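The values are calculated or read from the model by the stated rules, or taken from the named source; none is laboratory data. For clarity, every value in this text was computed on a predicted model and none was experimentally measured. Here the Cβ is made from the backbone with ideal geometry for all residues, glycine too, and neighbour counts use every protein chain on show. The protein model used for the area step is the full one, side chains on, heavy atoms only, and it has no ligands, DNA or RNA in it. Shrake-Rupley method; radii C 1.70, N 1.55, O 1.52, S 1.80 Å.
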Amino acid sequence: MLAFLSSLFINGLVTGSMFMLVALGVTLFYGVLRIINLAHGDVFMVGAYMAFYAGTYLHLPYWAVVIVTMMGCAVLYPILDLLVFRRLRGSELGPLITSVGLSMALESLVQGIFTANAQAVPSPYLNNLVNIGTVSVPLQSLLMIPLTLVVVAALYVFLRRTRTGLMVRAVAMEPRVSQLMGVRPEYVYGVVFVLAGLLVGLAAATMAPELYVTPTMGVELTVDAYIVVVIGGFGNVEGAIVAAFILGLINSFVSGLGLADWATTIALALLVGFMMVRPSGLVAERLGVRQ
Amino acid sequence: MSTGAVALGAERVSREFGGVQALKDVSFAVGEAEIVGLIGPNGAGKTTVLNAITGVDTAFSGRITFRGQDVSRVPAPVRARLGMARTFQRASLFPSMSCFENVAVAALAAGLSQTEARRRAEEAVERVGAGAVAQRLAAEVPLGTQRLVEIARAIVRRPTLMVLDEPLSGLEEAEVERVCRVIQELNAAGLAFLWVEHNTRAVLAISHRVIVLDLGRKIFDGGVDQVGEAKEVLDAYLG
Amino acid sequence: MNGSRRFLASFLPAAALCAVVALAALLFADAYLAQVAFLTGITVILVLGESFAVGNMGQLLMCQAGFYGIGAYVSALLEMHGMPPYLAPAVGITCGAVSGLVVGLAATRIRGHYLAIVTLAIGVIVEELLNNLQGITNGPIGLVGVPTFFGPLNAGNQADYIVVVWGAVIVVLGCLALLRESRFGWFLRAIRDSEAAAESIGLRIGTYQVATVTVAAAVAGLAGALYTNYAGLLVPDLFSYGLSAQILATAVLGGINSFGGAVVSSLVFNGVPQMAQVTAFYQYLIFGVVLIVMMQFAPRGLSQIGVYAVSLARRRLLGWGAGQPNAATVRRP
């Protein structure tokens, strides 16, 4: 029983890590650019195909696959921004609607290139089972947890300790004032797209080996990321981290009860219930400050 | 001046924002058909008081009464229905509608029939002297006119108290006079006013009474002729 | 407020366009095109409901597909238990309205981006429930053998189907246009323009939001009932979050709060690709790319392009200024 519970717990942490890596990008987009990007999960999907291509066709070693995928997404996102989002700065509705189009375009482009068939990303750690007490977990899953910790620490240091990070936070909090103080918003937006790309690329490269890679795999992830971001509070990085792990654990334990089909429904119902109690998320106070 | 009947009462109203005391035990009353000016330096708590009175903020402690009824926890739209009208610091007309439609939609919201609403709206627009711009889009008329249309929109429901939030800010001298004249005319017809305004000269010119706030406390409440002699007021303004 | 003139101005052109489309379909459509005409009519109804909500309330609803699915499944299930098909539209409207009411009440205090995400979540919940409540919905396999209005589509009854769906489109158009010019519509636009000012004239925002969601949902529920009675088979995939996003996108592409725009955009972005027998894959790709491109250059949709084209035509052909045509400014060549 204990073994079962702890395996669910570890599973929840792993899922939570993935949610977090994906949701951090979403929350940064909202916090800094005030946009809802419904194509974020599709960029994860493109990342997964990059990993698939790099691993299966280029025969790169796994560590190189991770780097290529992260770099690929970090380059892809600013390009997408240039093509799709840049002209719509300041619009509330525009980016959301365009991101729907982007999502459809990315899905069909990838389907055009790789077909709709599920692909597998090779990884040497997939069949490496690690025994923790009585539980055995694939090394691939376990890899997620320390990687995520490193990423969170790095992001924290970046946002708190570097000049650019300070600029990002300044634009998020006071867009107009920070502009008066010489921060170029477009530079900060670019940084956010690169950051979101790196994070989602890492998530794609590390999670893809455990998933079926298909052109529509991103849709569900987008929804999950938004559950996390809404519960954590739009634009709130710490909130997103906490909410991601909560959602990951809920997912894992609900599946453990044999209700895997209901995991999404339960998470979404939780979101709706949460919003009924706190209509503007956890960060209502922060919004008050902004106005 | 006040005949003794109270339109609006604030009783020991306090408000705290995350440990900062924005208002402390502020009590005052506005009589029926009285013009009361609410002034004070920046950060005195004027906006906080207005939010409590109009129902934008209901998380204060203390009591707000309106025509003898406790409205402390009554939401903003219901206060409007009870006869408390208001305007906004940043003129908030409905930009997609014409000036006339702005007023007419308020008349419809008061539950009037189409024809009656139209008649009342025309009357209100004429009353503030905005008849000439009635058909123009609200977003396109000058700020002074927007303020007048806002007043017309507020009076169409025939309220008993009007709360104005800095109705003169950003206006030119001629517009200031126009708005002041409209306030006096409406008051002569029986409407009570509570207004927050930075233009102290105008406040002293047309108010019957002024209330001075400083650092969340009421430091003066009395006739306009005495305010200049009150030591606390001079201290608050001159530091 | 010139209610009746405004009503006619928004209703007549759109209704006339629908009548022309329906007539063309009746006269010229083969079996395939009749199918396209029917499905496009369904899309128009869905888009009109969304367009009404977004345009007048100014809030995004991302669960039209969910309401559509509820209308479809409930009327299908009732018919499979013996309800006559002609009651289905009423059932669809009622189910949509009730579920809209529930969603609206749950989301009374939620606005803006939060409302978009919450309704998105609700849409996905409906899709998941259709998949998971296997005892009722038969899960991913779906409902088979649902009764239909006139039996399987064929040369004999295609006219009936087209008349039913496009008749419904015109009725929906009329109701929504009436609603838009009623005091309800005016209050919605007041709330959309400024929530604080709307409260100051005595409007309770939550109440009107609930009412709008209910209206949009009732319209979608009707579309669901009509679809059921044409297709005779339902699967949960038909009612996915992706469809809600497409409905929203089509409404925005048409130009928010323009009924004519909503009709044209449904025809252009859904009807035409199907008519051209483009495969689903390319339809999806084209729709996505067109959506991106349109938002870059005409973010206010087709109606913006329409206004621009009209003013351009006036300038070029008649020598009028770009603004209001005015006798004084006409320059004679």
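Okay, here's what the table says:
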item	result
Unique match (being surrounded by fewer than 24 Cβ atoms within 10 Å (Cβ to Cβ) and over 13 Å from A:V121 (Cα atoms)) among A:Y30, A:Y62	A:Y30
Number of positions in segment C:265-316 that are small (G, A, S), within 13 Å of another protein chain (Cβ to nearest Cβ) and in a helix (DSSP H, G or I)	3
Test: residue in segment B:3-10 that is in the same structural domain as B:S207 (by TED's automatic domain parsing), assigned to a loop (DSSP other than H, G, I, E, B) and of a type in the set (G, A, S)	yes
Residue within segment A:187-204 that is within 13 Å of the chain's Cα centre (by Cα), part of a helix (DSSP H, G or I) and either among the hydroxyl-bearing types (S, T, Y) or within 14 Å of chain C (Cβ to nearest Cβ) (or both) present	no
Segment C:38-86, subset open to solvent by 10 Å² or more (accessible area, probe 1.4 Å) and of a type in the set (S, T, N, Q), residue farthest from the chain's Cα centre (by Cα)	C:Q59
Some residue of segment A:228-238 being in a helix (DSSP H, G or I), open to solvent by 20 Å² or more (accessible area, probe 1.4 Å) and facing another protein chain (nearest Cβ under 9 Å)	no
Those residues of segment B:52-85 which are part of a strand (DSSP E or B) and closer than 11 Å to B:T160 by Cα, in sequence order	B:F66, B:M84, B:A85
Filtered residue count, segment C:259-296, keeping only those that are among the hydroxyl-bearing types (S, T, Y), under 17 Å from the mean Cα position of the chain (by Cα) and open to solvent by 10 Å² or more (accessible area, probe 1.4 Å)	0
Which numbered condition C:I256 fails, given (1) open to solvent by 40 Å² or more (accessible area, probe 1.4 Å); (2) within 17 Å of C:A15 (Cβ to Cβ); (3) within 14 Å of chain A (Cβ to nearest Cβ)	(2)
Number of the condition not met by C:L243 [criteria: (1) more than 12 Å from chain A (Cβ to nearest Cβ); (2) under 14 Å from the mean Cα position of the chain (by Cα)]	(1)
Cβ pairs under 7 Å, 6+ apart, first in segment C:249-273 and at negative phi, second of a type in the set (F, W, Y)	C:T250/C:F269; C:L253/C:F269; C:F269/C:F287
Single match in A:G112, A:G90 (criterion: at pLDDT below 90 and either closer than 30 Å to C:M57 by Cβ or within 14 Å of chain C (Cβ to nearest Cβ) (or both))	A:G90
Residues of segment B:19-45 satisfying the condition of being free of Cβ contacts under 8 Å to residues at least 12 places away in the same chain and either touching a strand residue (DSSP E or B) at 6+ places or on another chain (Cβ under 8 Å) or part of a strand (DSSP E or B) (or both)	B:V20
The lone exception for A:A208 - which of (1) under 14 Å from the mean Cα position of the chain (by Cα); (2) more than 28 Å from A:Y49 (Cβ to Cβ) it fails	(2)
Residue selected from segment C:199-233 under the condition part of a helix (DSSP H, G or I) and within 12 Å of another protein chain (Cβ to nearest Cβ), by the criterion most open to solvent (accessible area, probe 1.4 Å)	C:T207
Hits in segment B:192-204 - residues which are open to solvent by less than 30 Å² (accessible area, probe 1.4 Å) and out of contact with any strand residue (DSSP E or B) (no Cβ under 6 Å at 6 or more places or on another chain)	B:E197, B:A202
Single residue of segment A:129-139 satisfying the filter (free of Cβ contacts under 8 Å to residues at least 60 places away in the same chain and part of a strand (DSSP E or B)) that is surrounded by the fewest Cβ atoms within 10 Å (Cβ to Cβ)	A:N131
Residue tally, condition open to solvent by 70 Å² or more (accessible area, probe 1.4 Å) and over 14 Å from B:G129 (Cα atoms), over segment B:171-188	3
The listed residue being over 28 Å from C:G82 (Cα atoms), in a helix (DSSP H, G or I), open to solvent by 30 Å² or more (accessible area, probe 1.4 Å) and of a type outside the set (V, I, T), out of C:A251, C:A196	C:A196
Scan of segment C:82-127 for residues that are at pLDDT 90 or above and of a type in the set (F, W, Y), ordered by number	C:Y86
Inter-residue pairs, beta-carbon under 6 Å, first touching a residue at least 60 places away in the same chain (Cβ under 8 Å) and open to solvent by less than 60 Å² (accessible area, probe 1.4 Å) and in segment B:46-75, second of a type outside the set (V, I, T) and assigned to a loop (DSSP other than H, G, I, E, B), 6+ apart	B:K46/B:G40
From C:T137, C:T94, C:T108, C:T148, residue being within 30 Å of C:D30 (Cβ to Cβ) and surrounded by fewer than 22 Cβ atoms within 10 Å (Cβ to Cβ)	C:T148
Selection within segment A:205-227 - of a type in the set (A, V, I, L, M, F, W, C) and within 14 Å of another protein chain (Cβ to nearest Cβ)	A:M217, A:V219, A:L221, A:V223, A:A225, A:I227
Among (1) open to solvent by less than 60 Å² (accessible area, probe 1.4 Å); (2) under 22 Å from the mean Cα position of the chain (by Cα); (3) over 27 Å from A:I227 (Cβ atoms); (4) not small (G, A, S) - the single one C:E127 does not satisfy	(3)
Top-ranked residue in segment B:130-146 [being open to solvent by less than 10 Å² (accessible area, probe 1.4 Å) and assigned to a helix (DSSP H, G or I); ranked as farthest from B:P77 (Cα to Cα)]	B:G144
Selection within segment B:104-129 - surrounded by fewer than 24 Cβ atoms within 10 Å (Cβ to Cβ) and in a loop (DSSP other than H, G, I, E, B)	B:A110, B:G111, B:L112, B:S113, B:G129
One residue from B:G83, B:G62 being out of contact with any His (no Cβ under 7 Å at 6 or more places or on another chain) and within 14 Å of another protein chain (Cβ to nearest Cβ)	B:G83
Exclusive hit being open to solvent by 10 Å² or more (accessible area, probe 1.4 Å), more than 14 Å from every other protein chain (Cβ to nearest Cβ) and not in a loop (DSSP other than H, G, I, E, B), set A:L142, A:L106, A:L126	A:L142
Checklist (1) assigned to a helix (DSSP H, G or I); (2) within 14 Å of chain A (Cβ to nearest Cβ); (3) open to solvent by less than 60 Å² (accessible area, probe 1.4 Å) applied to C:V165, failing item	(2)
